[in-house]
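See below for the structure under consideration.
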Amino acid sequence: MIKVNVFVKNHYWQKYLTNPNHYFNKQIKRLRKKEKSLQKKNYSFSIMLTGNKEIKYFNDKFRNKNKTTDILSFPFYQKKELKQLFKKKQNFYLGDIVINYFKIKKNDKKENFLKELNKLWIHGFLHLFGHDHKIYKDYIKMNKIEKRYLHRIEND
């Protein structure tokens, strides 16, 4: 079972998500149903829905970048460690994702808010699994998985 815990730290989120825990757990359920690589896995992770002030604080504290951003991911394990944990089939905590409402709202002119939100949390989710995009080859691989996951939750 995959469990997501959602914490809302900015009231603007209520405009789009009246029940954030339900929304994200529903998305995870859709994704897990169609994505074999996620089936029979037992872990949890957290999503913090926040604004500019909070995400700027975390970005500065943990990445030494004193500016806002759209999303931050804090994986608890390295990719190699995750492989071992998945083999044991035990429950474990994957990590944390922080998402900035105002960056989504800024990009909302191009696409709908929830679609943009889904893109971001999936991106952060993949970082929790050790995916990265520092080099172009890894970017291509991660982008392909992001698109597949997004397609799975949007076409239920």
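The values are calculated or read from the model by the stated rules, or taken from the named source; none is laboratory data. Predicted model only: the values in this text are computed from it and were never measured. Every residue, glycine as well, gets a Cβ built from its backbone with ideal geometry; the counts of neighbours run over all protein chains shown.
Annotations
- Boolean, residue 36 is more than 14 Å from the chain's Cα centre (by Cα) and more than 18 Å from residue 6 (Cβ to Cβ): yes
- Candidates are the residues of the stretch 1-35 that are part of a helix (DSSP H, G or I) and hydroxyl-bearing (Ser, Thr, Tyr); the one that is farthest from residue 90 (Cα to Cα) is 12.
- Qualifying residue in the stretch 119-136 (condition: under 24 Å from residue 34 (Cα atoms), at pLDDT below 90 and either among the polar types (S, T, N, Q) or part of a helix (DSSP H, G or I) (or both)): no
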